[in-house]
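**Student:** The structure is given below, and queries will be raised subsequently.
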Amino acid sequence: MKIYISVDMEGMAGICHPRQEFDDVARFRKAMQQQVEWVVEGIQKSSKNDDVDEILIADSHGGGRHLHYDELSDMDDRIYLVSGGARPQYMMPCMHSGYDIVFLVGYHAGVGQECGNMNHSYWGRTFHDFRINGKYMNESTINSAYAGYHKVPVGLVIGDSGLEKQLITDGMMPWVEFVKTKEALSFLSAKFRPKRLIKEETIEKVNKVLNKDFSQIPVYELEKPYVLRIEMNMCSMLDRAVLLPGAKSIDGRTVEIMFDDYEELFNAIVAIGHLTSSAYPADAR
């Protein structure tokens, strides 16, 4: 069995503000590391542990240089760690059909979600609204669709209450097992749950997922052709986005591109993010 784990930051307990990544680096990294270690511990304590021969962990926040290779390697010699960026398939690098199950760890609500701590969809500074085939998407569904492109199901998501509302209550991915790390009070505030509870629930939910028949877990897939539509925060960002091949403007802030292949769309998201972020803030005045 091969397990794929994509790790983000904003959905972690102990973190409620983007500045913590730079102002309190040690604490920031510890929060991410601990949550990942609890997932690995859950795998090790599972009755299916002996069936697991690979655990790939993708450090998928920002520059992807937050998780500790030495500590993870010492914890389990089946772990492969993907670090650094920019890279193809950004938050889901090296994903392929050989994996059996996907875990999304430290994920957060999509852009615009009320009471979603640090909510955004990929590029918070530039993306104001994000849709594929007319459907509102967050990072969990965008990335799950890429796993679905490879016919691999997502079984576990760990994140804040805003994401829980979107995935479970609002029905975006109601079949996943979910571990809530914090109650989001506003964009930059949250009520963190006790570590003991999060650790226990993480181990419990990992066990629950690994004991399922993976063929019975729904695979998140979108129908092609895929129409990517992103509304930017500023008109100057659209000016750059429409430079991409096949891109067209829908209005003064919205770009639309059609794709026949989801992997091309997936990489285009990253390209648009990098391209448009350079329009903020200095030369957009």
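The values are calculated or read from the model by the stated rules, or taken from the named source; none is laboratory data. Values in this document were obtained by computation on a predicted structure and should not be read as measured data. Heads up, the Cβs are rebuilt from the backbone with ideal geometry, glycines too, and the neighbour counts pull from every protein chain shown.
**Student:** On the basis of being more than 24 Å from residue 32 (Cα to Cα), in the same structural domain as residue 101 (by TED's automatic domain parsing) and out of contact with any helix residue (DSSP H, G or I) (no Cβ under 9 Å at 6 or more places or on another chain), does residue 151 make the cut? Reasoning before the result, please.
**Tutor:** On the way: more than 24 Å from residue 32 (Cα to Cα): yes; in the same structural domain as residue 101 (by TED's automatic domain parsing): yes; out of contact with any helix residue (DSSP H, G or I) (no Cβ under 9 Å at 6 or more places or on another chain): yes.
It is true that residue 151 is more than 24 Å from residue 32 (Cα to Cα), in the same structural domain as residue 101 (by TED's automatic domain parsing) and out of contact with any helix residue (DSSP H, G or I) (no Cβ under 9 Å at 6 or more places or on another chain).
**Student:** Let me ask something else. If you take the residues in segment 4-47 that are among the polar types (S, T, N, Q) and in contact (Cβ under 8 Å) with a residue 40 or more places away in the chain, which one is nearest to residue 201 (Cα to Cα)?
**Tutor:** In this case the residue turns out to be 35.
**Student:** Could you tell me how many of the residues in segment 165-207 are part of a helix (DSSP H, G or I) and crowded, with 16+ Cβ neighbours inside 10 Å?
**Tutor:** So the count comes out to 12.
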